[in-house]
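> The structure follows.
FYI, it's all coordinate maths here, none of it is from the lab. Quick caveat, the model's predicted, so the values are computed rather than measured. No Cβ is skipped: glycine too gets one built from the backbone with ideal geometry, and neighbour counts run over all protein chains shown.
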Amino acid sequence: MLLGREVERARLRELVAAVRGGRCATLLVYGEAGIGKTALLDHLASDASGCTVVRVAGVQAEMELPFAGLQQVCAQLPDLGGRLPEPQQAALEVALGRTTGGAPGRYLVGLAFLGLVTEAATQAPVLVVVDDVHWFDRESVDALAFAARRLQADAVGLVVAARTELVPGAVADLPPLEVPPLGREDARALLGSVVPRLDDAVAARIVGELHGNPLALVELARAVGPDGLAGGFRVPASGQDAPVPARIEAAYRDRASALPADTRRMLLLAAAEPTGDPALLWRAAAAESIGPSALSPAEEDGLVSVGARVVFRHPLVRSAVYGAASPEERRRVHRVLAEATDAVHDPDRHAWHLAKAVVGTDEAIATELERSAVRARARGGVVAAAAFMEESVRLTGDARCRSRRALDAAQLGELAGSADRAVAMLALAEDGPLDAVERARATHLRGRISLTVERGTDAVPLLVSAAVLMEQHDARRARDMHLEALTAALFACSDGHDIDVRSVAARARQAPDPGSRRSVTDTLLEGLATLELDGPQPAAEMLGRALEAFRSDALPDDDALRWLWLACRVAVLQWDDASWAVVAGRGTQIAREAGSLVALPAVLSSSAALQSLRGDGALARHQVEEAESLWRSVSAVAPPYGAMTVEAWRGRPDRLGRLIEDHRDGLIARGEGMGLALAAWSTALVRVAEGRYAEAFDHARAAAAYPEAIIYSRWALVELVESGVRSGHADAAAEALVRLARSTQASGTDWALGVEARCRALLADGQRAEAFYAEAVERLERTALRAESARAHLLYGEWLRRRRQRARARLHLSRAHEEFSTMGAQAFAARAAAELVSTGGYPNRGHEMSPPRLTAQEERVARLASAGSSNAEIAAQLFISRSTVDYHLRKVFEKLGVDSRTRLHLVLPSSS
């Protein structure tokens, strides 16, 4: 019986109706322990007739086993072997331990799970219900969250429940449903159903003390019994002021303690073994000379039930039983469970139980745990691998080996995103005897943790120190560390923070040559160091060679995956839009195939900036949204780089201002110079577009003060020239042009020389100005950068209008207005329209700004379909289901008035 849950039941009925109707629905049910979440999920499952219901619950003891939760879910889904794309199927098989292979990316496993549930939904609506999701391993939570964010046009429901204080970050943004305490009348009715004819004053006191918690009301009333309550005594056991979960757990502990001795031992065995496998429990009990019937009293009392699995009434029963046991009793049951576990078929659980049975050190078990960590890492379970290594460290007696294992555990913790645990292991490693290479690794790891957590200045000296320490032992690794240090310094170079980028570059240049182990990263390092120390011209040839290597398919995917995001930035520094497009495209493809949740969003963010310059605003926004979604899926704060660039070109000062305001304090606190330069440049660009040149000048000058190797400081020079000329700062504009020309001349691309010519025209007079404008238009139209060529037409048209050549001016201003309007650059389009009216012309209303007919996702699907991709191929590229692709295509056909994908190329605007 559910009392007082009308609102919650209505919400669940709506969810089931949506799933039955072919629509997706997700929900996060949260509340304190015992508040009734499980009862609501039971009600939901029983009310979902016609659906394939997958009902599972997290188990705290399985949190360290990679993909254990996902294994529970997949085991209840229909067997759809062969329906998933091969890379996804292979990743899922490895993650679930069915086959061996390379470590699968969490991204690919999440996509495979998405494919699995959406394919199952083609047979019948699917409802996945996960109780106690906070006890799922992190890999499984990530897979659930990944799928939940990409369910769109699928008959799939996903409902997860968690305690309020334990909600995993990956699912925290799902639509919420809070389960509140019962109201006083409903709480009184529930108490009366357990203890009838209860004195009203006593009932009121109990209801008030237990704050409407249903489980507490039922369990504590049963524990105390009618006699105690009728006498008017206060609720005993764990104390009046104890938290409600503690009282419930104490009540369960009291009930368990009243059971026969063999029953208590059997319960403890079950509590210590999270698989819930009855056969394993019977084997362990037999070793203790306990028969299966010993569990019957616990079943009769409602504490546990035995069917296909051994299931506790509530997680608090398990914790109460396990917590009540003495340390020696726990060690004994783990020893018995280890002996009952098949060490060949389940070596990891066998090792885990052995570890829990040991006092002191045990090298044999520590070694086996180390092997378990390797196996977990191979399945993609870095969280589990870190946990196994930490246990291995605890059991290691030799100081030298202990430090080495602690360092390995720290590195696994950092990979898993568990910075606190990584730091603790790192401190333990550094306290012991490490050799020189391990000291370098430890320092490097501390720097990486600092960079990941703070993205600020503290990481740079640590990364430099690690690189210097490594130079004497491994020149190849040392140079890669120097490259990390230099890129970190470029991110962190801001006023008020003691980071000297030139000194970091100078130290990197002194690093020993790796000889036969040279790679493209050596050329990249040398080029960036030279750029910072000597300027663009000496660095151009080296950076060009590095870009050529990144453009080729010969580069190993591991190197490409690690550095392609940086290669994108180098392409921009070189004004090489063609390489930028190739490198970003290759980086996106490799990161998708590898399922990298780190590399892909960084490359997507860079690609979004490129698409803004190319005039494909819909694709740019889609890529920003996808990047932000990926960052959220690993519980990371999304860096604002792609979003700020896109909003700057859209000319939306309100939205750009909010973005900057949301991130400014963090950027300043971390000394994140790259982000501060971006904020200043993007504001300058919008102010130039609006014609507010004095404000633009101040922002552009601030952005241009950052080091040469920061993209936004170069782009700021362009705005500094235009805003300086238009606001009476011609001298500053001329100085900015000199700085700009150093990089554009070194590059020599049409993008570089076209932008330079456009800026020279602003500072020139008469025929020289016109020649520069004509050159700018000609060069920039040879590129795919519509935004840059449109600016050339705009400035040329404005110049012609001021010389009363209105007919010629209208041609350029009309072209600028058309380009800016179709690409969604609102501020520049408005400026071009105003100038066009001043010539006596009229803006083409067909190009007036209006909301895009297609959403970003619809346009992306349409373009891929137009290029010949099948629905399955589109789904794989965009990480959505095939039914979602079909849904978007139907919407596209309806909006664009076509009846087949073969006609899409006729109605889709050009994205070049």
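> Pick out, from A752, L813, A709, the residue whose Cα sits farthest towards the positive end of the charge dipole of the chain, with +1 on the Cβ of Lys and Arg and -1 on the Cβ of Asp and Glu.
Result: L813, furthest along the dipole toward the positive end.
> Assign unit charges at the C-beta atoms only (+1 for Lys and Arg, -1 for Asp and Glu), then state the dipole size of segment 1-120 relative to its Cα centre in Debye, rounded to the nearest 20.
Details: 11 positive and 12 negative charges, 60 e Å.
Charge dipole, segment 1-120, about its Cα centre: 280 debye, nearest 20.
> If one computes P(r) from the Cα atoms of segment 123-179, what percent of pairs lie at distances over 17 Å? Please report the intermediate quantities before stating the final value.
Values: 537 of 1596 pairs.
For segment 123-179, the fraction of Cα-Cα distances above 17 Å is 34 percent.
> Give, rounded to the nearest 20 debye, the magnitude of the charge dipole that the chain has about its Cα centre when Lys and Arg contribute +1 at Cβ and Asp and Glu contribute -1 at Cβ. Please list the in-between numbers first.
Working: 107 positive and 118 negative charges, 455 e Å.
Charge dipole of the chain: 2180 debye, to the nearest 20.
> Mean separation of Cα pairs under 8 Å and 6+ residues apart, divided by the residue count of segment 370-586: what relative contact order is that in percent? Could you put the intermediate results ahead of the total?
Details: 301 pairs, mean separation 21.9, N = 217.
Relative contact order, segment 370-586: 10 percent.
> Hey, what angle do you get for helix 882-896 against the long axis of the chain, alpha-carbon based, 0 to 90 degrees rounded to 10?
40
> Let me ask you something else. Compute the distribution of all C-alpha to C-alpha distances in segment 350-391, in bins of 10 Å from 0, and list the percent of pairs in each, rounded to whole numbers.
Reading upward from the zero bin: 35, 53, 12, 0.
> Direction-averaged shadow area of the convex hull around the Cα atoms of segment 604-757, nm²? All intermediate terms of the calculation are to be shown ahead of the outcome.
Details: hull surface 36.2 nm².
Orientation-averaged projected area of the Cα hull: 9.1 nm².
> Moving on. Write down the Kirkwood hydrodynamic radius of segment 314-397, to one decimal in angstroms, obtained as one divided by the mean of 1/r over all alpha carbon pairs. Could you put the intermediate results ahead of the total?
Working: mean 1/r = 0.0750 Å⁻¹.
13.3 Å is the Kirkwood radius here.
> Quick one: divide the alpha-carbon radius of gyration of segment 390-444 by 2.2 N^0.38 Å and tell me what you get.
Values: Rg = 10.0 Å, N = 55, 2.2 N^0.38 = 10.1 Å.
Normalised Rg, Cα atoms only: 0.99.
> Shape call for segment 6-178 from the C-alpha gyration tensor, a ≥ b ≥ c root eigenvalues: rounded (a/c under 1.5), prolate (a/b greater than b/c) or oblate? Before the final figure, lay out each step's value.
On the way: a/c = 2.00, a/b = 1.28, b/c = 1.56.
Here segment 6-178 falls in the oblate category.
> Given contacts defined as C-alpha pairs under 8 Å and at least six residues apart, what's the relative contact order of the chain, whole-number percent? If you can, show how the numbers build up before the last one.
Numbers: 1575 pairs, mean separation 76.0, N = 912.
The value is 8 percent.
> Relative to the first principal axis of the alpha-carbon coordinates of the chain, what is the inclination of helix 750-763, with its axis defined by its Cα atoms, in degrees from 0 to 90 and to the nearest 10?
60
> Also, quick follow-up: Would segment 856-907 count as rounded, prolate or oblate if I go by the C-alpha gyration tensor, calling it rounded below 1.5 in a/c and otherwise prolate when a/b exceeds b/c, oblate otherwise? Can you show the working numbers first?
Numbers: a/c = 1.91, a/b = 1.50, b/c = 1.28.
Here segment 856-907 falls in the prolate category.
> Can you tell which of L896, P181, C401 lies farthest toward the positive end of the dipole of the chain, using +1 and -1 charges on the Cβ of basic and acidic side chains (Lys, Arg; Asp, Glu)?
L896
> Under Stokes-Einstein, with the Kirkwood radius over Cα pairs standing in for Rh, what whole-number D in µm²/s applies to segment 370-586 at 20 °C and 1.002 mPa s? Walk me through the numbers before you get to the answer.
Values: Rh = 18.4 Å.
Diffusion coefficient, whole number: 116 µm²/s.
> Moving on to the next point. Extending each Cα 7 Å along its Cβ direction at Q589 and T361, get the distance between those two points in nm, one decimal.
5.2
> Dividing the convex hull volume of the Cα atoms of segment 61-105 by its residue count, what figure in Å³ per residue is obtained?
Numbers: hull volume 3.6 nm³, N = 45.
So the per-residue Cα hull volume is 79 Å³.
> Sort the following peptides by mean Cβ neighbour count (other Cβ atoms within 10 Å, averaged over residues), highest first: 135-143, 178-186.
Working: 135-143: 27.3, 178-186: 16.0.
Output ranking for 135-143, 178-186: 135-143, 178-186.
> Another one. Expressed in nm to one decimal, what extension gain is obtained for the pair D665 and A872 from 0.36 nm per residue of sequence separation less their Cα-Cα distance? Intermediate values should be presented prior to the final figure.
Values: separation 207, 0.36 × 207 = 74.52 nm, distance 4.34 nm.
Difference between extended and current length: 70.2 nm.
> Now for a different question. Out of L426, G544, M470, whose Cα points farthest toward the positive end of the dipole of segment 370-586 (charges: +1 Lys, Arg; -1 Asp, Glu; placed on Cβ)?
Value computed over the given set: L426.
> Could I ask something else about it? Dipole size in debye (nearest 20) for segment 456-558 around its Cα centre, Lys and Arg Cβ +1, Asp and Glu Cβ -1? If you can, show how the numbers build up before the last one.
On the way: 10 positive and 18 negative charges, 52 e Å.
Value, rounded to 20: 240 debye.
> In which sequence would S326, S713 go, from the one with the fewest C-beta neighbours within 10 Å to the one with the most?
On the way: S326 8, S713 25.
Ascending Cβ contact count within 10 Å gives the list S326, S713.
> With viscosity set to 0.692 mPa s and temperature to 37 °C, compute the Stokes-Einstein D of segment 259-340, Rh being the Kirkwood radius across alpha carbon pairs; µm²/s, no decimals.
Numbers: Rh = 12.3 Å.
For the chosen part, D equals 266 µm²/s.
> So what is the calculated 222 nm ellipticity per residue for the chain, using -39500 (n - 2.57) for each DSSP H run with n of 4 or more, over all residues, to the nearest 500 deg cm²/dmol?
Numbers: 45 runs with 608 residues, N = 912.
It comes out at -21500 deg cm²/dmol, rounded to the nearest 500.
> If you don't mind, there's one more thing I want to ask. Where the Cα atoms of the chain are projected onto their three principal axes, how long is each span, largest first, in whole Å?
Here the spans come out as 104, 65, 54 Å, largest first.
> For the ranges 619-627, 885-893, what's the packing order if you count other beta-carbon atoms within 10 Å of each residue, average per peptide, and put the highest first?
Order by mean packing, descending: 619-627, 885-893.
> Using amide H atoms built 1.01 Å from N in the peptide plane, name the residues 5+ places from L127, or on other chains, whose amide H lies under 5 Å from its own.
The list, which skips near neighbours in sequence, is T52, V53, V54, G157.
> Given all pairs of different Cα atoms, what value in angstroms does the Kirkwood hydrodynamic radius of segment 472-599 take? Spell out each step's value before the answer.
On the way: mean 1/r = 0.0663 Å⁻¹.
Averaging 1/r across every pair of different Cα atoms and inverting gives 15.1 Å.
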